[in-house]
Structure formats: C-alpha cells, structure tokens
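Just below is one structure, and these are the notes that go with it.
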Amino acid sequence: MRMASVMIWAAAALAAALAALPAAATGPARAPAYAASAAADVKPLTQAQRLERRFLQISAANLRFQAEGSRVALARSNNPAVKDLANGLLARQQTVQPEMLRLLHVRGMAPPLATAQHVKVLKQLARLNGARFDRLYVDEVVLKSCQADIANYERVALEAQDPVLKAWTQRQLPGLRIDFAKAGKALPNASLKPQRAV
C-alpha cells in the first residue's frame, strides 16, 4: 500500500514538473503519426522523382553486382587483364558506394537486393574457370552493366530535377566510360548489345 502511494506521488510530481516547462523545451505538440493520419499528408511523387528513385535502385543493384562479380574474378581468373579490370571496379565501388548509400538514405530508400538476373550470372561465374569465366565476367558483369549504367546516368544527368543527383551522375560518368573502355580492351572480342536506359 505504501509503495503504491509513493508511485502515485512520484507520477504526480513528474507531471507537474513537465507542465511547468515552457512549450519550447518540450517541443511542439504533434499529432499521432498513425498510418491513416500520415497517409493523408503524403503527396504523390512527381515523374522526375520516380525517375530518380528508379535510377538509384538500378544503379545501386548494378554497383553491388559489379563488386560481387569482381571479387569472384579476383579469386578465379588467371588473366592479368581481367584481374586488373576487377581491381579497378572494386576501387571505384569503394569510392562510389558511400555516396550511393547517402543518396538512397536521403530519399528513405534501402539498398536493393540483387536481381534474379544478377544472381543467375553470379552462380554461373562460380561454376566456370579459364577463358569461359573471363568471357562471362567481361560480357555480363562489366560490359553489359556498365553500358546500362552509362545510358541510365546520361538520362538522369539530363532529366533529373535534384541538382545534387544531377551533379553526382555527371561526376560518375567519366569513370564508367573508362571502365567500359578497359573492358573492351581486356577481351577484344567481347559482345556488345544496345542497352535501354531506365
């Protein structure tokens, strides 16, 4: 009984102390952020915002795919040109990834999971060796994904409304083009197919 009265007295004292604080110290009163009330305040994304979000999803997935494929290439390839290419892609990934994560975070987005096509190619790489491995790595992991990235980055550099994202894509394009050119030289007969932008 005595313990209950002490707790009631402490709760009353805390409530009185909080009531005595000025409103600025406790912060503005907020309505509860339940799903129904929060949904009323949500505005639909513009076409440019949807383009930017889709671009970031695709680019982040390709960046992860290139890094994972390059790690496999360093472990399995005996071709010095392919290993050099893999090292270059991993170095670019280490500098670009923190910036990419920040761009995703600002929009409330999480890094995407690997696509089914990426998983399929990585499984194929794990089973191959020698020249067949090198060909698949260069064709799928480097050339195809870099070509798609270049097309996507060029489109977003022209159409994006976010000036930070626009500047970032323009800063990344030269590095992508260098990686693409290196891949063409690593295995001269690598296949190139046109890639569609976002």
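Shown here for segment 114-155: trypsin sites (Lys or Arg not before Pro) in loop regions (DSSP other than H, G, I, E, B) with at most 10 other Cβ atoms within 10 Å, of which there are none. Label-to-label distance, Ala181 versus Thr46, with points set 7 angstrom from Cα along the beta-carbon direction: 3.5 nm.
For Lys83, a cut-off of 12 angstrom between C-alpha atoms picks up these aspartates and glutamates, skipping any fewer than 8 places away in its own chain: Asp134. As a rough footprinting exposure proxy, the listed residues Asp139, Asp84, Asp179 were ranked by other beta carbons within 10 Å of their own, and the order from fewest upward is Asp84, Asp139, Asp179. Of the chymotrypsin sites (Phe, Trp or Tyr not before Pro) found in segment 34-120, those that fall in a DSSP loop while having at most 15 other beta-carbon atoms within 10 Å are Tyr34.
Centroid-to-centroid, using Cα positions, segment 93-113 and segment 41-67 are 10 Å apart. 3J(HN,Hα) along segment 90-98: 5, 5, 5, 4, 5, 8, 7, 4, x Hz, from the Karplus curve 6.51 cos²θ - 1.76 cosθ + 1.60 with θ = phi - 60°, whole Hz, x for Gly and Pro. Here's the picture: a label point sits 7 Å out from the Cα of Gln97 along the beta-carbon direction, and within segment 50-65 the residues with their amide nitrogen under 12 Å of it are 63-65. Phi-derived couplings, Karplus 6.51 cos²θ - 1.76 cosθ + 1.60 at θ = phi - 60°, listed residue by residue for segment 107-117: 8, x, 10, 9, x, x, 7, 5, 6, 4, 5 Hz, with x used for Gly and Pro. Only aspartates and glutamates eight or more places from Lys43 in sequence, or on another chain, were considered; those with a Cα closer than 20 Å are Glu52, Asp162.
Throughout, read-outs are computed from the coordinates displayed, never taken from laboratory work. Please read all numbers here as calculations on a predicted model, not as lab measurements. Positions of Cβ are backbone-derived with ideal geometry, glycine not excepted, and every protein chain shown enters the neighbour counts.
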